[in-house]
Structure formats: structure tokens, C-alpha cells
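For reference, the structure discussed in these notes is given below.
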Amino acid sequence: MDRIRLVCATRGTRQQFLKESALGKWAERFAAYAQDFEVILFDNNRSSLSALYNSAIESAADSPAILVFLHDDIHIMDLFWQQNVRQGLAQNDIIGIAGTTKRISGQPSWAFVDGAYTWDKPNLSGIVAHGSVFPPASINFYGEVPRQCVLMDGVFLAVHSNTLIRNSLKFDEQFKFHFYDLDFCRQAELRGLRMSTWPISLVHESAGGFGDDTWNESYRLYLAKYGESVPPVQIDPN
């Protein structure tokens, strides 16, 4: 049985990750009694998230594993997350914790259909809590889980390394942080891979960000790559 390999990038040092970040503190405690997972950490990161993820994929060519790409500001609240990841990947090629069953031209996020932050509620799937304490400050019930999706949130994506290598699937390094997940899902769709949300409980400290210069540049690159136009209502960063 292949190990589960968590792949994470953090802006701080390795010591800061373990002592200060949500994922680092969780991993240090969980590792005390779970031996079949490991963390591949890219610390002091100021470069492309996609490039770092790709290096983990390349390294897995000689050591296959279930790769879980995730952010450093999440608390995994599911004590059975390993079993759930394996069950999810027994039925799907890629699993996540939130996504949508419908993709439309120019959408700025998996969750929204336009720049006015209009939720695409009938087509969403997933449950994600937000906050830095437990009980969490809020819980977003996006929709039924599990559900086959075409786009999923990059906060947590799990896939077997052999699936990526066999299908020549990797992250597009022009998307350094924003839109790397949407593009990854679209490339997976083009390869006929099955994607689905799966019931894995986590708390995300960040709610994400929209509308700054870095986000806008990634949005422009994303639209250009797929020949799409900007929706009529623009994102208001305020």
C-alpha cells in the first residue's frame, strides 16, 4: 500500500511551519501515531506554487505515493482522513473537498459565475469550515458530497502520483498561485479523469483572496489560455 505524501509550501521556515502554522502543528501531533504518511515541505517559499508541486510529482516517479496538495493554513479535523482519501481515490482519479459540477466561460472561481461573487449554488459541492479555533467561526455548506466535479478548490487535492505521470498531467507554472487549481482541473478533464469532492473534514484559516494585482494578472493569463473573455461584471477587490 503506497504512502500518503502531503505536499505543502510555506513562506516561513521549517521550524515556523511546525510551531506556528495550522498544518504544521497538526502534522507533528498526528505523526505520533500514524506512520503511513509523510510531509514534503517547501519552506521559505517565494516562488511558484505550481513549480514546487511539479517537483514533488517528478520525485514521485521513483517513489509512487498518493499525493495530497494542500495549503499550510488548514486543520485536518478528520481522524479517519487517510481511510477517506484512499476510499475516494478507489472510486475517482482526483478528489477534493469543494468544487462545482458546471464550468462556464470566464468564471473567476470554481464557486462564482461572475465578478459580482454570484454563487453558483445549484452546482456546488462540499463543506468547508473557516476560522482559527474550534468550533470554527463559520461553516460553508456548498452542496451535496460526494459529487463528481469539473473544477475543485486547490486547498486540498489528492491524486495518486502514477495517475499524474501516466497521463502527463502537471501544474501549469505560469499560474504561480491563483488559478493553478482551476487550470489543473481543466487539464484533468481534457484527459478524461474523474474528479469528485469527498467527505473529509477540515478547517481553513483563510477565506482566499480576489482582485489584487497578482490575482488579476493570473486571471488574464487563465482567460487567454482558454480563449475566454471577462464576464460583464468585474471583481471589486473591496
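Laboratory data are not the source of any read-out in this text; all were calculated from the coordinates shown. The structure presented is a predicted model; accordingly, all values stated were derived computationally and were not measured. We place every Cβ from the backbone using ideal geometry, glycine too, and count neighbours over all the protein chains shown.
Would you give the gap between the C-alpha center of the stretch 1-39 and the C-alpha center of the stretch 198-228, rounded to a whole Å?
24 Å
When ranked by the protection proxy of mean other Cβ atoms within 10 Å per residue, highest first, what sequence do the peptides 144-157, 67-80, 41-54 form?
144-157, 67-80, 41-54
Can you classify the stretch 1-98 as rounded, prolate or oblate using the Cα gyration tensor, where a ≥ b ≥ c are the square roots of its eigenvalues, rounded means a/c under 1.5, and otherwise it's prolate if a/b beats b/c and oblate if not?
oblate
Taking Cα atoms, how many degrees apart are the long axis of helix 180-190 and the longest axis of the chain, rounded to 10 and kept between 0 and 90?
Approximately 80 degrees, to the nearest 10.
Any idea what the relative contact order of the chain is, in percent, if you count C-alpha pairs under 8 Å spaced at least 6 apart?
Details: 477 pairs, mean separation 59.3, N = 238.
With pairs under 8 Å counted, the relative contact order is 25 percent.
First select every other residue whose beta carbon is under 11 angstrom from the beta carbon of Asn44; then total the charges, Lys and Arg +1, Asp and Glu -1. Present the calculation step by step, with values, prior to reporting the outcome.
Numbers: positive: Arg11, Arg14, Arg46; negative: Asp43.
Neighbourhood net charge equals +2.
Candidates (1) 8, 31, 36, 18, 6, 1, 0; (2) 7, 25, 28, 21, 12, 5, 1; (3) 7, 32, 40, 18, 2, 0; which is the computed P(r) over Cα pairs in 10 Å bins from 0, in percent?
After the calculation, the listed value that fits is (3).
Would you mind putting 110-118, 24-32 in packing order, based on average other-beta-carbon counts within 10 Å, highest first?
110-118, 24-32
Compare the Cα positions of Gly115, Gln91, Ile76 along the charge dipole of the stretch 4-225 (+1 at Cβ of Lys, Arg; -1 at Cβ of Asp, Glu; about the Cα centre) and return the one farthest towards the positive end.
Gln91
Rounded to the nearest 20 Debye, what is the dipole magnitude of the chain about its Cα centre when Lys and Arg each give +1 and Asp and Glu each give -1 at the C-beta?
Result for the chain is approximately 380 debye, rounded to the nearest 20.
Assuming a ≥ b ≥ c are the square roots of the Cα gyration tensor eigenvalues, decide whether the stretch 82-189 counts as rounded (a/c under 1.5), prolate (otherwise, with a/b larger than b/c) or oblate.
oblate
Within straight cross-link reach of Lys102, meaning Cα distance under 29 Å, which lysines are found once same-chain residues fewer than 8 apart are removed?
Lys121, Lys170, Lys176, Lys225
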